[in-house]
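Student: The structure follows.
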Amino acid sequence: MSATIAAPRAPGRGRLLDPALLLGVAVVGLLLGASLFTGVYDIFGQDDGAQMFAITRIPRTIGLVLAGAAMAMSGLVMQLLTQNRFVEPTTTGTTEWAGLGLLVVMILAPQASILTKMTGAVVAAFVGTMVFFLFLRRVSLRSSLIVPIIGIMLGAVVGSLSTFLAVKTNMLQSLGVWFAGSFTSVLRGQYELLWIVALVGVAVFVVADRFTVAGLGEEIATTVGLHYGRIVLLGTALIAVATGVVTVVVGNLPFLGLIVPNIVSLIRGDDLRSNLPWVCLLGVGIVTVCDLVGRTIIMPFEVPVSLILGVVGAVVFVALLLRRRRHG
Amino acid sequence: MITLRTVSKQYSSEVRIGPVDLEIPAGGVTALVGPNGAGKSTLLTMIGRLLGLDEGTIEVAGMDVSTTRSKDLAKVLSILRQENHVVTRLTVRQLVGFGRFPHSQGRLTAADEERISEAIDFLHLGELEGRYLDELSGGQRQRAYVAMVLAQDTEYVLLDEPLNNLDMKHSVHMMRHLRRAAEELGRTIVIVLHDINFAGRYADRICAVQGGRVLEHGPSAQIMTSEVLTRVFDTPVQVIDGPDGPLAVYY
């Protein structure tokens, strides 16, 4: 090509493994250790301490890891597919749709297994997210704050419908319990299906580059030979599975998918593949801290993690908005 | 060669394209010019398979753009649209790297990295390669996008008004880069231009579009005449002899 010979340069993508990441893993590891040993029950003093440890503490900690990573990744994928920094499953109605699906299954088949409930939630989350994406394609308002506002409105409508159905069928209390995101009920024998989201994580890792290309927009994606529609469909399916499963097992985890990818992007840019470990790590870290706070703040009782997350998330969300406004 | 046969498309209630029959030979720079709403960008977008046709066929290097797999086309044809709204925070080098996607599917090899470096150097972006796109000026960003489509290493490169938002100096630089890409890298470049004088100066061929049809198509010297331009733009245009060839004056 040109006469000047390009000097060997550092490749464009960030390295996957670096000392900072190892440090991050260590910090989150400590947090998870704290989660294992935080609780009212004295696992060392009581005779059945080891048993309690295996029944509640370990599942709960695994739950934190899986749910935190899954919701953070779902947020990231969704932001790439919509080319909008302010969307995530709880600001696009996906969570509300999953709740509606869950409710419908509970009404139609009260004795349904948790797997059936989960399927209902996943299918509804998929349909709802597709509705939202199709709507976005028609209005082409990708760059503005209108997008999350539309999503929140859509979510509110679906949420109201769920509440109405719940009132009519006397399910309001179950709905409330299901929805308040909490790891209290993550116990052995009840949480195992959460492992499904680990598969979602692997899938996101495999197709990471495609999602990044899709994040450049339909036209650039097409010009480099990517089947844009298929990637959107795949992304939506992965988001729906992650959101559906987490909603059924844990409940609503607001803002997690929003703040985590934004913080990582501010610091490291947007190369998805090398960012994914960070997104997972930060997602797990934030959820764990919030859960620890929820578990200790009014000991011996617990505050649902969604409450703490909501407060923390809202503050970070507003901070991000202000920052973006200042920097254009 | 790019071949359009009886191509037509109802784009919107105002803009109707075709029927268009057109042959753009391989090699050199071909400029699409014409008044607003003539359908230049629409034609380019259809050739680049970003927009479907209602009727007719378009072939690029013998491949039908409507039926060939997008993945295969991406090795022959790249297109850059006018507005690229990217919210993703990527560095210049990462963006240019995505031009290699058709060849590497995202897993860049050493050969890919070399191609990326070449494209970056070709557009003199070496010093900026580590910067994020949102930290660049409009002209720098435009160059980064062009570097991306050059890194894609396709024989055919379609560009939709790449001079938009560029000042005089950067417009001239951009056209020189594109000329060099045609001459030194042997690319076939099809470009939508707003300024007829840029077309006259830098394009080998000009294709004049009006009302969704091709009005004139030929070597630049043949199109750069008072009579043809007055007809194409529907306003009095006078072509005079400038220092570097014919100049259209219409002010």
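The values are calculated or read from the model by the stated rules, or taken from the named source; none is laboratory data. This structure is a prediction, so every number in the text was calculated from the model and none was measured. Don't worry about glycine lacking a Cβ; one is built from the backbone with ideal geometry, like all the others, and counts go over all protein chains shown.
Student: How many residues are more than 8 Å from chain A (Cβ to nearest Cβ) and in a helix (DSSP H, G or I) when one looks only at region B:96-108?
Tutor: 2
Student: Suppose we keep only residues that are charged (D, E, K, R) and either within 14 Å of chain B (Cβ to nearest Cβ) or within 21 Å of A:Val318 (Cβ to Cβ) (or both) within region A:60-106. Which one would you say is surrounded by the fewest Cβ atoms within 10 Å (Cβ to Cβ)?
Tutor: This residue is A:Arg85.
Student: Moving to a separate point now. Hey, B:Ala74 hits all of (1) of a type in the set (A, V, I, L, M); (2) crowded, with 18+ Cβ neighbours inside 10 Å; (3) more than 14 Å from chain A (Cβ to nearest Cβ) but one; which does it fall short on?
Tutor: Unmet condition: (3).
Student: Of all helices (runs of 4 or more DSSP H) completely enclosed by region B:140-251, which ones contain at least 3 residues that are among the hydrophobic types (A, V, I, L, M, F, W, C)?
Tutor: Here the list reads B:168-184, B:196-202, B:226-233.
Student: I've got another one for you. Please identify the pairs in which a residue from region B:38-63 that is acidic (Asp, Glu) has its Cβ atom under 6 Å from the Cβ atom of a residue that is in a loop (DSSP other than H, G, I, E, B) and buried (at least 18 other Cβ atoms within 10 Å of the Cβ), counting only partners at least 6 apart or on another chain.
Tutor: none
Student: Residues that are facing chain A (nearest Cβ under 7 Å), over 28 Å from B:Pro219 (Cβ atoms) and among the polar types (S, T, N, Q): does region B:48-71 have at least one?
Tutor: Yes, that holds for at least one residue.
Student: Residue by residue through region A:178-203, note down the ones that are farther than 17 Å from A:Glu302 by Cβ and among the polar types (S, T, N, Q).
Tutor: Within region A:178-203, no residue meets the criteria.
Student: Shifting gears a bit: Give just the number: which of (1) modelled with pLDDT under 90; (2) under 13 Å from the mean Cα position of the chain (by Cα); (3) under 22 Å from A:Asn275 (Cα atoms) does A:Val260 not satisfy?
Tutor: Condition not satisfied by A:Val260: (1).
Student: What is the number of the single condition among (1) more than 10 Å from chain B (Cβ to nearest Cβ); (2) surrounded by fewer than 17 Cβ atoms within 10 Å (Cβ to Cβ) that A:Gly244 does not meet?
Tutor: The number of the failed condition is (2).
Student: Now a separate question. What about A:Tyr191, is it out of contact with any Leu (no Cβ under 6 Å at 6 or more places or on another chain), within 14 Å of another protein chain (Cβ to nearest Cβ) and either farther than 17 Å from A:Trp97 by Cα or β-branched (Val, Ile, Thr) (or both)?
Tutor: Criteria not met by A:Tyr191.
Student: Can you tell me which residue in region B:77-95 is farthest from the chain's Cα centre (by Cα), limited to those that are more than 7 Å from every other protein chain (Cβ to nearest Cβ) and either among the acidic types (Asp, Glu) or not in a loop (DSSP other than H, G, I, E, B) (or both)?
Tutor: In this case the residue turns out to be B:Val92.
Student: OK, next. Which of the residues spanning region A:255-272 are closer than 13 Å to A:Leu320 by Cα, in contact with a Ser or Thr (Cβ under 9 Å, 6 or more places away or on another chain) and more than 9 Å from chain B (Cβ to nearest Cβ)?
Tutor: Once the filter is applied, which keeps residues that are closer than 13 Å to A:Leu320 by Cα, in contact with a Ser or Thr (Cβ under 9 Å, 6 or more places away or on another chain) and more than 9 Å from chain B (Cβ to nearest Cβ), region A:255-272 yields A:Phe255, A:Leu258.
Student: Something else now. If you take the residues of region A:207-219 that are farther than 20 Å from A:Gly257 by Cβ and outside any loop (DSSP other than H, G, I, E, B), which of them is nearest to the other protein chains (Cβ to nearest Cβ)?
Tutor: Applying the filter and picking the extreme gives A:Asp209.
Student: Report, by residue number, each residue of region A:283-300 that is at pLDDT below 85 and touching a helix residue (DSSP H, G or I) at 6+ places or on another chain (Cβ under 9 Å).
Tutor: Passing the criteria: A:Gly294, A:Arg295, A:Ile297.
Student: Now a separate question. In region B:50-60, which residues are in a loop (DSSP other than H, G, I, E, B) and surrounded by 17 or more Cβ atoms within 10 Å (Cβ to Cβ)?
Tutor: B:Leu50, B:Leu53
Student: I'd like to know if region A:286-304 contains one or more residues that are more than 14 Å from chain B (Cβ to nearest Cβ), within 15 Å of the chain's Cα centre (by Cα), closer than 24 Å to B:Thr88 by Cβ and part of a helix (DSSP H, G or I).
Tutor: yes
Student: Report, by residue number, each residue of region B:109-147 that is facing another protein chain (nearest Cβ under 8 Å), aromatic (Phe, Trp, Tyr) and surrounded by 21 or more Cβ atoms within 10 Å (Cβ to Cβ).
Tutor: B:Phe122
Student: Report whether or not A:Leu76 is in a helix (DSSP H, G or I) and farther than 25 Å from A:Glu302 by Cα.
Tutor: In short, yes.
Student: Considering only residues that are buried (at least 18 other Cβ atoms within 10 Å of the Cβ) and out of contact with any His (no Cβ under 9 Å at 6 or more places or on another chain), which ones fall in region B:218-235?
Tutor: Result: B:Ser220, B:Met224, B:Val228, B:Leu229, B:Val232, B:Phe233.
Student: Further, regarding this structure: Hey, does region A:316-327 have a residue that's more than 19 Å from A:Leu81 (Cα to Cα), at pLDDT below 90 and not in a helix (DSSP H, G or I)?
Tutor: Checked against the condition, which is being more than 19 Å from A:Leu81 (Cα to Cα), at pLDDT below 90 and not in a helix (DSSP H, G or I), region A:316-327 yields at least one hit.
Student: Which one of the conditions (1) outside any loop (DSSP other than H, G, I, E, B); (2) closer than 22 Å to A:Val122 by Cβ; (3) in contact (Cβ under 8 Å) with a residue 40 or more places away in the chain; (4) not hydrophobic (A, V, I, L, M, F, W, C) does A:Gln190 fail to meet, given that it meets all the rest?
Tutor: Unmet condition: (1).
Student: A further question on this structure: Mind telling me which of the residues B:Ile79, B:Ile24, B:Ile17, B:Ile47 ends up being in contact with an Asp or Glu (Cβ under 9 Å, 6 or more places away or on another chain), at negative phi and modelled with pLDDT of 90 or more?
Tutor: B:Ile79
Student: Follow-up. Outside the structural domain of B:Leu123 (by the TED database), at pLDDT 90 or above, more than 26 Å from B:Gln94 (Cβ to Cβ) and surrounded by 23 or more Cβ atoms within 10 Å (Cβ to Cβ), is that true of B:Ala182?
Tutor: no
Student: Right, something else. Suppose we filter A:Leu108, A:Leu102 for residues that are at pLDDT 85 or above and more than 20 Å from the chain's Cα centre (by Cα); which single one remains?
Tutor: After applying the criteria, what remains is A:Leu108.
Student: Hey, can you tell me all the residues within region B:21-47 that are away from every other protein chain (no Cβ under 14 Å) and crowded, with 22+ Cβ neighbours inside 10 Å?
Tutor: B:Val29, B:Thr30, B:Ala31, B:Leu32, B:Val33, B:Gly34, B:Ala38, B:Gly39, B:Lys40, B:Leu43, listed by residue number.
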